[in-house]
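The values are calculated or read from the model by the stated rules, or taken from the named source; none is laboratory data. Computed from a predicted model, the values in this text were never measured in an experiment. As a convention, Cβ positions derive from the backbone with ideal geometry for all residues, glycine included, and neighbour counts pool all protein chains shown.
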Amino acid sequence: MPVGAIGGSAELYALQYARPAQVAGQAQLTPEQQQQVVKLKQVDQKVREHEAAHLSVGAGLTSGASYQYARGPDGKQYAVAGEVKIDVSPAQTAQQTLDKARRIQAAALAPADPSSQDRAVAAQAAQMAMQAQIELSRGKNGSESSQPAAANPTAAAIAAYVDQEPRPAPTLSLYA
């Protein structure tokens with residue numbers, strides 16, 4: 001017969017049935033600690049969903065998510081922040097860069113609640129798309145378009161503004 005199966009002492013009953021939340025020497029959680037665990041589980045789920053949205057929309061441009069964890073009062077690790085790296089380097093052609101910039105924007109804004117970093121990446125992708133669009137309007141070889149700048153003042157203004165902006169870094173992080 002296994003040890004502990006003999007007899008029905010009050011102590012054995014208390015260990016097995018009265019405190020089922022007790023695990024390997026840990027004390028039962030207080031109501032405040034239980035509430036903290038519930039909040040940590042909610043944050044963990046939200047962070048994982050946020051990063052999963054970036055990954056699914058940015059497939060091919062994003063790397064795996066990395067998380068920062070906090071240990072709850074129950075001893076378990078919960079994700080409390082995360083990030084996904086995204087490739088924001090220009091593509092080989094202006095058209096490919098334009099398409100890539102649109103995908104970067106979509107990936108950055110994919111979560112239901114984009115962070116300020118997500119919005120910054122989307123803005124940088126919008127700038128990248130404008131630059132690519134200008135290159136396309138000038139022609140594939142970088143030559144000026146058949147329209148003079150005076151005939152297309154909007155494109156000329158955008159080109160002047162875009163050429164003054166710093167170039168984006170090759171990769172950025174999207175944070176939860």
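Assorted remarks:
- Search result, residues across segment 42-90 that are hydrophobic (A, V, I, L, M, F, W, C) and assigned to a strand (DSSP E or B): Ala65, Ala70, Ala79, Val80, Ala81, Val84, Ile86
- Residue tally, condition at pLDDT below 80, of a type outside the set (Gly, Ala, Ser) and within 20 Å of Gln96 (Cα to Cα), over segment 107-157: 3
Here's the yes/no breakdown for (1) at pLDDT below 95; (2) of a type in the set (A, V, I, L, M, F, W, C):
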| residue | (1), (2) |
| --- | --- |
| Tyr13 | yes, no |
| Pro31 | yes, no |
| Lys39 | no, no |
| Tyr67 | no, no |
| Ala79 | no, yes |
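- Looking across Ala110, Ala101, Ala123, Ala70, one residue alone is surrounded by fewer than 17 Cβ atoms within 10 Å (Cβ to Cβ) and in contact (Cβ under 8 Å) with a residue 24 or more places away in the chain. It is Ala70.
Condition check ((1) buried (at least 16 other Cβ atoms within 10 Å of the Cβ); (2) of a type in the set (Gly, Ala, Ser)) across all residues:
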{"position": "Ala52", "(1), (2)": "no, yes"}
{"position": "Gly58", "(1), (2)": "yes, yes"}
{"position": "Ser63", "(1), (2)": "no, yes"}
{"position": "Asp74", "(1), (2)": "yes, no"}
{"position": "Val84", "(1), (2)": "yes, no"}
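- Residues being surrounded by fewer than 16 Cβ atoms within 10 Å (Cβ to Cβ), closer than 16 Å to Glu83 by Cα and in contact with a Pro (Cβ under 8 Å, 6 or more places away or on another chain) - total across segment 28-50: 1
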